[in-house]
Ligand code: SIN
């Protein structure tokens, strides 16, 4: 067993921002299931939204965020984050983050969908995530210990209902326990639940399953953002083509070269993402192809090195075939403005969290911003805590079950991805959602969740956690009988007034058996 002051699960931008902002006297362990620089954040092409232009103001950024989120955002969170954005950029600049600049050395400001002003700050053209990570990694002090290839499979909760640590699968199937008074889930989103996604292979949503199993409140899971333009070649999605490419003039066209978005929305190619994604989806559904014509973009290769490389690898030039795919989860583990969850000692930041910033749909480039603002804010909160927690390791779950463990009754990951894309994707119906719930139920998820995870392989555990998150998304999508933002139901195609004040939260009353037994 290893003790520290703070455990951070995940190594993306939210995790690293928190780690470097925590006071140096705190001993911090960052646990990642992969390698530190392999997080989903490192793929982020889009930038950070901040109202720093001469004609811009955080109040315009605030209004754009609410409009994209279809007005169910937490207004206090939106105000806080949009007003902190300029300061966040200034701080990163002081720490020499490589932001793109104009010839006069001013920070370059790009335009993305549904933003009323040019306010997107990029690094390395379309490699913003990697540029920020590089900057944060350079700032990591000796108080931060990174453990790679260590997969958290269980949160430890004591008799008072406080989270005090995690259990992990380590290398060579070893089991480890880590304890700390503050445990932070910064595990990212869940794009890998879908067949087409812009997300890295690591975005499997396990932080949400861990929190749910431990009894934390989970919220807004039905709101998934589908990005309109993933490069689509030979029936597969191969990566993101940033919206910034459309911001620089690229247009969506059909096979005959006709502009797709004309007549659909006044903002045309830069309309809110769900509108562009649905327009493409309907054409693909009719068996047609849609392309992104990048010829209008000047200096395409220089401005978008990562996207150009992706196109080159697929031998696609000028007109790039595209399809929408899962990009971002607006919901997640419910938190307050500090990042606290409904369980004492447990926090969530980044995409795993539901802070209320995004509402029903995220405004482009607000997610890196959210990760940076909340990472810093939580560091200040934890830094101000004086509580000393005494660990009583006998409180750790010790259950061994005689469960007969076999993989046979679990689905393959690619079946999960196919089913979710088909039934809980861009266009949902009551029938498709019920069908998906039946499919999930057929694997007896509840039984799996109550066994001792220590007896599972990491792969089995991962499938169970993926199924759990699929369940939460599907349940939320079935219960919300309207369409709003990223959640579109063809049987309830309009926004409904009566849903404006209603939110779907998931709370598991019956906690995992191991917790109950540890109380006995
Ligand atoms: C993009 O570059 O299109 C993605 C940026 C984002 O989702 O914020």
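On the principal axes of its Cα set, how long, how wide and how thick is the chain? Give whole Å, largest value first.
Extents along the principal axes, in whole Å: 68, 52, 46.
Where the centre of each part is set by its Cα atoms, how far does the stretch 101-117 sit from the stretch 168-201, in angstrom?
34
What FRET efficiency do you get for residue 336 and residue 284 if R0 is 41 Å and r is their Cβ-Cβ distance, rounded to the nearest 0.05?
The pair residue 336/residue 284 has a calculated efficiency of 0.55.
Determine, from the Cβ-Cβ distance of residue 96 and residue 409 and an R0 of 41 Å, the FRET efficiency 1/(1 + (r/R0)^6), rounded to the nearest 0.05.
Approximately 0.20, to the nearest 0.05.
Looking at the chain only, what percent of DSSP beta bridges run antiparallel? Nearest 5 please.
Among the beta bridges of the chain, antiparallel pairing accounts for roughly 65 percent.
Please give the FRET efficiency for residue 446 paired with residue 418, using the beta carbon to beta carbon distance and R0 = 22 Å, rounded to the nearest 0.05.
Calculated transfer efficiency: 0.45.
Run the Debye formula on the Cα coordinates of the stretch 1-124, all scatterers equal and no solvent, and tell me log10 I(q)/I(0) at q = 0.12 1/Å.
-0.58
Output needed: percent of Cα pairs per 5 Å distance bin for the stretch 141-238, bins running from 0 to the one holding the longest distance.
The calculated distribution, bin by bin, is 2, 10, 17, 19, 16, 13, 11, 7, 3, 1, 0.
In nm, what is the difference between 0.36 nm times the number of residues separating residue 76 and residue 457 and their Cα-Cα distance? Walk me through the intermediate numbers first.
On the way: separation 381, 0.36 × 381 = 137.16 nm, distance 4.26 nm.
My answer for the length gained is 132.9 nm.
Going by alpha carbons, how many degrees (0 to 90, nearest 10) lie between the helix axis of 75-94 and the longest principal axis of the chain?
The helix 75-94 is inclined about 80 degrees to the chain.
Given points 7 Å out from each Cα along the Cα-Cβ axis, report the residue 103 to residue 254 separation in nanometres with one decimal.
A separation of 4.2 nm, rounded to one decimal place.
Specify, per residue and in Å³, the volume enclosed by the convex hull of the alpha carbon atoms belonging to the stretch 461-513.
94
Taking Rh as the Kirkwood radius, which is the inverse of the mean 1/r over Cα pairs, what is the Rg/Rh value for the stretch 416-520?
Value, to two decimals: 1.05.
If you fit an axis through the alpha-carbon atoms of helix 458-479 and take the longest principal axis of the Cα set of the chain, what angle between them do you get, 0 to 90°, nearest 10?
Tilt relative to the chain: about 60 degrees.
Length gain on complete extension for the stretch residue 380 to residue 238, per 0.36 nm per residue less the alpha carbon to alpha carbon distance? Show your work: numbers first, answer last.
Details: separation 142, 0.36 × 142 = 51.12 nm, distance 3.91 nm.
Result for the pair: 47.2 nm of gain on full extension.
State, to one decimal in nm, how far the label point of residue 502 lies from the label point of residue 435, with both points 7 Å from Cα in the Cβ direction.
Distance between the two pseudo-spin positions: 2.5 nm.
Just so you know, all these numbers are worked out from the coordinates, no wet-lab data involved. Only a predicted model underlies this, so the values are computations on that prediction, with no experimental measurement involved. Cβ atoms come from the backbone with ideal geometry, glycine included; neighbour counts cover every protein chain shown.
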